[in-house]
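The values are calculated or read from the model by the stated rules, or taken from the named source; none is laboratory data. Keep in mind it's a predicted model, so treat the numbers as computed, not measured. Quick reminder, even Gly has a Cβ in these numbers, built from the backbone with ideal geometry, and neighbours come from all protein chains shown. Only protein heavy atoms, including side chains, enter the accessible area calculation; ligands, DNA and RNA are left aside. Shrake-Rupley method; radii C 1.70, N 1.55, O 1.52, S 1.80 Å.
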Amino acid sequence: ALFYVPNMLFKGNIYSQVIAQKSVCVWLDATYPPLYYLTVGVYLKIVQFLKLLPSYLFNLNKCPVFDLILDMRFLFWAKLPYLIFHGLSALVFSKFFSKNKFEWFLLWFLNPIAIFVSFMFGQYEIIPAFFILLSLYFAKEKRMYLTFLALGIGAAYKNFPFLLIFPFLFYFTKGIKEKLFSIFL
């Protein structure tokens with residue numbers, strides 16, 4: 001869906017438009033959440049505008065799956081946001097420790113499982129994982145509204161951050177008013 005999204009981003013319901021293109025590309029599926037489509041669509045629009053990739057990759061009349069898999073430029077530009085979020089998550093992870101921050105940064109950044117999942121398969125789980133780490137950091141710093149905001153943003157990318165809402169809610173908030181506001185946030 002990555003190559004269709006930039007051209008359809010602001011033309012209506014992305015799900016119905018992507019599904020309508022399934023006759024052109026059998027591999028196409030609309031399984032991503034809206035915030036991911038918006039993020040990737042805006043990012044790839046910028047890549048298109050800067051002419052960092054050939055325009056034929058974004059042609060709606062063909063299915064360039066093999067062109068994308070074999071084009072090293074596309075793989076670089078498609079995976080660059082994952083690398084940025086991976087580095088940011090390593091930075092947040094290192095802030096949990098008072099000593100040897102750089103070693104903790106390297107431990108996270110050079111984790112072979114995270115590298116394999118994020119960069120070999122190109123899965124975007126690193127984005128909600130970053131927001132989970134950020135919410136844990138905000139919780140450690142006793143900044144509850146930012147904790148729940150980061151958790152909500154992460155859950156808008158994938159739903160697994162929602163698993164932390166109730167433990168966070170009951171552990172970190174005091175009083176019914178704060179619990180309700182945090183649920184709303």
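Using a probe radius of 1.4 angstrom, the carbon and sulfur fraction of the accessible surface of the chain is 72%.
For the chain, complete DSSP H runs whose alpha carbons reach 18 Å or more along their own long axis and whose mean Kyte-Doolittle score is 0.5 or higher are 34-49, 72-94, 126-140, 144-157. For the chain, what class follows from the C-alpha gyration tensor (a ≥ b ≥ c being the square roots of its eigenvalues): rounded when a/c is under 1.5, otherwise prolate if a/b is larger than b/c, else oblate? In terms of gyration-tensor shape, oblate.
Taking 0.36 nm per residue of sequence separation and removing the Cα-Cα distance, the Leu75/Phe49 pair yields an extension gain of 7.6 nm. Summarising the label geometry, the points placed 7 Å from Cα in the beta-carbon direction at Leu163 and Phe10 lie 3.8 nm from one another. Extending 7 Å from the Cα toward the beta-carbon at both Ile84 and Tyr171 defines two label points whose distance is 3.1 nm.
Report summary: the helix-based calculation at 222 nm, which adds -39500 (n - 2.57) for every DSSP H run with n ≥ 4 and divides by the residues of the chain, gives -18500 deg cm²/dmol. For the peptides 156-164, 97-105, the ranking by mean Cβ contacts within 10 Å, running from highest to lowest, is 156-164, 97-105. With K and R counted +1 and D and E -1, the other residues having a Cβ less than 15 Å from that of Val92 yield a net charge of +3. Using the Cβ-Cβ distance between Arg143 and Ser23 with R0 = 45 Å, the FRET efficiency computed as 1/(1 + (r/R0)^6) comes to roughly 0.40.
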